[in-house]
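Here's the structure we're looking at; comments come further down.
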Amino acid sequence: MVTAMNISNETEQIFQPYNFELFQDMRPFLEEYWTTSFPVVLVYLLLIFVGQKYMKARKGFNLQGPLILWSFCLTVFSILGTVRTWGFMVAVLLRGSLKQTVCFTNATDNPIIKFWSCLFVLSKIIELGDTAFIILRKRPLIFVHWYHHSTVLLYSSFGYKNKVAAGGWFMTMNYGVHAIMYTYYTLRAAKVKLPKWFPMLITSLQILQMFLGATVSILTYIWRQEQGCHTTTEQLFWSFMLYMTYFLLFAQFFHQNYIIPKAKAKTKSQ
């Protein structure tokens, strides 16, 4: 049987890092200051309250140009992250097994994963800017939006510090869904006419992501005695609880925005 270390070494030989991915490792810094994510989220929630109060008596800003640029930059970033992390995960899956991809701790020393996981954690702070555009443009701010942004930031920092075994799947799935989601946001901001199924596809992928995330968490716990697959009850609890709440919230969003309107439209036509 090929060991996890051998798989990691073989994958590293096949999937070489670019020079920019050999940038100085920020893991020690992020691990030491991971608790900063809590005050960041508190400030974020406070700014939501202040921002909505400030905009209450004001007309929403247009911000079309900045929104296109913002969404486009996040699209490019997400696509690059998807290509690099999914490429690595598929290489591990083909050279090893599903267990090797779920028990991800042995791969955290790979320079590609070091680089993109670091950017992944930091990007969760940058993505809070999505909310600023919603508030300044005076668009409806739904619960699932700010709840998802807040808790993903916190859990990403927690998982990064503790090298949560299934973190590879959490990261790659998120990159993949965001690549499609921010592409949609960019095109919509540019007022490009899009098919009605596009937003439905994105929400469906988010629901699938949450279901798979919960499944991966369970598999990690089942395989927790395997070498390189260490996890704890605490990690299982938080990852499973978060993914299940995300699943329920996105499923509710899907039902309210796509199922109910269709049902009403069908009733009117009869």
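Every number in this text was worked out from the coordinates using simple rules, so none of it is lab data. Not measured: the values here are computed from a predicted model. We place every Cβ from the backbone using ideal geometry, glycine too, and count neighbours over all the protein chains shown.
In table form, for the structure just shown:
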| quantity | calculated |
| --- | --- |
| Cysteines without a disulfide-compatible partner [the chain; Cβ-Cβ under 4.7 Å] | Cys73, Cys118 |
| Cα gyration tensor category, rounded, prolate or oblate, for segment 1-153 with a/c compared to 1.5 | prolate |
| GNM flexibility winner over the chain from Val41, Val177, Val50 (Cα, springs under 10 Å) | Val50 |
| Degrees separating the helix 4-14 axis from the principal Cα axis of the chain, which is the longest one | 70 degrees |
| Rotationally averaged projected area of the chain (alpha carbon convex hull; nm²) | 17.0 nm² |
| Burial ordering of Cys73, Cys229, Cys118, Cys103, fewest other beta-carbon atoms within 10 Å first | Cys73, Cys118, Cys229, Cys103 |
| Taking N as its residue count, the alpha carbon Rg of segment 71-144 over 2.2 N^0.38 Å | 1.44 |
| GNM flexibility winner over the chain from Phe254, Phe88, Phe23 (Cα, springs under 10 Å) | Phe23 |
| Acute angle (nearest 10 degrees) that the helix 197-222 long axis makes with the longest principal axis of the chain, alpha-carbon atoms | 30 degrees |
| Ascending count of other beta-carbon atoms within 10 Å, so fewest first, for Thr215, Thr105, Thr85 | Thr215, Thr105, Thr85 |
| At most 16 other Cβ within 10 Å, DSSP loop - trypsin sites (Lys or Arg not before Pro), segment 167-244 | Lys191, Lys193, Lys196, Arg224 |
| Nearest-ten-degree value, helix 111-126 long axis tilted from longest Cα axis of the chain | 20 degrees |
| Inter-centroid distance (Cα atoms) of segment 92-144 relative to segment 11-79, Å | 10 Å |
| Karplus-derived 3J(HN,Hα), 6.51/-1.76/1.60, for each residue of segment 103-110, Hz, glycine and proline x | 8, 8, 4, 6, 9, 5, 8, 5 |
| Most fluctuating residue given options Met241, Met173, Met181, as computed from a GNM of the chain linking Cα atoms under 10 Å | Met241 |
| Cross-link table Lys138/Lys193; Lys138/Lys163; Lys59/Lys191, entries beyond 27 Å C-alpha to C-alpha | Lys138/Lys163 |
